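K.L.:
I'd like to ask you about the structure that follows.
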């Protein structure tokens, strides 16, 4: 049986009988699956165990199986509108009071960095809960560049690996929609495990110009284990940025090189190792310049001292 057949069979067997009970943790290998594996990776870096448990309980209260939508790179207002029209649950709706400003359970009032880490952990939990089912839907910009060139969005870094089986359980299918293209709001195609994006391109064409938000360079990539589902990459996982981005990167590179050249001109060069009389000559010159500098300092200090003494003596006279 090929890898796809194995994944399909495994997902078919596991999906109807998924268990939300914590599974025992063992060695870090293909057999390590489920909630305990997830907690091992995201706590306490992103969440405390109590916070993770609170989010998990909240999900269980509102969850509608196989009816969640994730998004990456799309306008949030359009994402929210699409989800409402199609009656899909987003992370925000599933979090409920945990993301409601002003609610005592919401941690949005914490520092910006703490909130970002909290939401990354919540994203991983959201993907893990989705992976207990059979399918999910993702909203992205249209082809050919559906994903951020950096690969460091919450979806790419936290959610997608979990959906594809990095923790051992995975969805049967990931469907994709590009709602920002007029007329394409209802066109849904399979993006994983088989990427049928060409069916979308055949109907709507390509949209190569995408404006990507800037992702912090301080953000470190999440290190996930490899589960027993071989993670597959899509054609643009390694895509280049748009032409404007490449031009910006080229300018930044030129500026960086120019600054390095200027620093190399300003910074003193390391003295060469010279043998014989030349070494004595350079050493003598260095000592001479050093002594001259010390003498000037002493002379200046002596003059200042004399002035101070004159002022002091003058102030003492009746």
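Since every read-out is calculated from the coordinates, none of them should be taken as a lab result. In this text the structure is predicted, and so the values were computed from the model without any measurement. Here the Cβ positions follow ideal geometry from the backbone for every residue, glycine too, while neighbour counts run over all protein chains shown.
K.L.:
In whole angstrom, note down how far apart the Cα centers of the stretch 156-195 and the stretch 80-123 are.
P.N.:
So the two Cα centres are separated by 21 Å.
K.L.:
So for 41, 178, fewest C-beta neighbours within 10 Å to most, what's the order?
P.N.:
41, 178
K.L.:
On to the next question. Take each of the peptides 169-177, 56-64, average the number of other beta-carbon atoms within 10 Å over its residues, and list them starting from the highest.
P.N.:
Details: 169-177: 22.2, 56-64: 14.1.
The most tightly packed comes first, giving 169-177, 56-64.
K.L.:
If r is the Cβ-Cβ distance from residue 111 to residue 202 and R0 is 41 Å, what FRET efficiency results, to the nearest 0.05?
P.N.:
It comes out at approximately 0.30.
K.L.:
A follow-up question, please. Per 0.36 nm of contour for each residue apart, how much would the distance between residue 86 and residue 304 grow if the chain were fully extended, relative to their Cα-Cα spacing?
P.N.:
Length gained, residue 86 through residue 304: 70.1 nm.
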